[in-house]
1. Compute the signed sum of charges (Lys and Arg +1, Asp and Glu -1) over the other residues within less than 11 Å, Cβ to Cβ, of Gly9.
2. For Ala52 and Ala77, calculate 0.36 nm times their separation in residues minus their Cα-Cα distance, and state this gained length in nm to one decimal.
3. Which distance in nm do the two modelled labels at Thr24 and Ile100 give, with both placed 7 Å along the Cα-to-Cβ direction?
4. Once amide H atoms are placed 1.01 Å from N in the peptide plane, what residues at a sequence separation of 5 or more from Gly47, or on another chain, have their amide H within under 5 Å of its amide H?
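The numbers here are math on the coordinates, done by the rules we state, and not lab data. It should be emphasised that the depicted structure is a prediction, and the values quoted were computed from it without experimental measurement. For neighbour counting, all protein chains shown are included, and Cβ atoms are generated from backbone atoms with ideal geometry for every residue, glycine included.
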Amino acid sequence: MLWPGGIAGGTWGGDNAALIGDDTSAHVHIGCTFGTAHQPIVPGTDGKFAVAGEYNISVGPIMVGSNHPAHFTGAVAGRIMSLMVTLTDTAVTLGPVQLIFDQQPNMGPCPICANPAERARRMRLGRRSITR
């Protein structure tokens, strides 16, 4: 689903993966990891996208690592998104994962990722960090 300026805002869910997007950013969880693209995801006419952001692979169950520069790449076709995250300083890759618009994610046992309120709180914190 596309909207003027990018993907449809809201939750994109899949198996052990989630993306919460709006017109300014996208917050991603794959397994017990998370990251943020500090810009909207805007696919090209072919549905493909690539945006920069940051990602932390050392998150849960307690956060011990730091954020890494990352690229979020993939494609959108209707309500389905394919997403891959690559840490640019280590070449670690997560995904690809498949996400469906307006579907709640089926997250694993990670207490950080499995709790929708915690996902929303982390998304708000990520936005505040770019304004400091």
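1. Details: positive: none; negative: Asp22, Asp23, Asp102.
With Lys, Arg at +1 and Asp, Glu at -1, the neighbours total -3.
2. Working: separation 25, 0.36 × 25 = 9.00 nm, distance 2.07 nm.
Computed gain between Ala52 and Ala77 is 6.9 nm.
3. Going from the Thr24 label point to the Ile100 one covers 3.1 nm.
4. none
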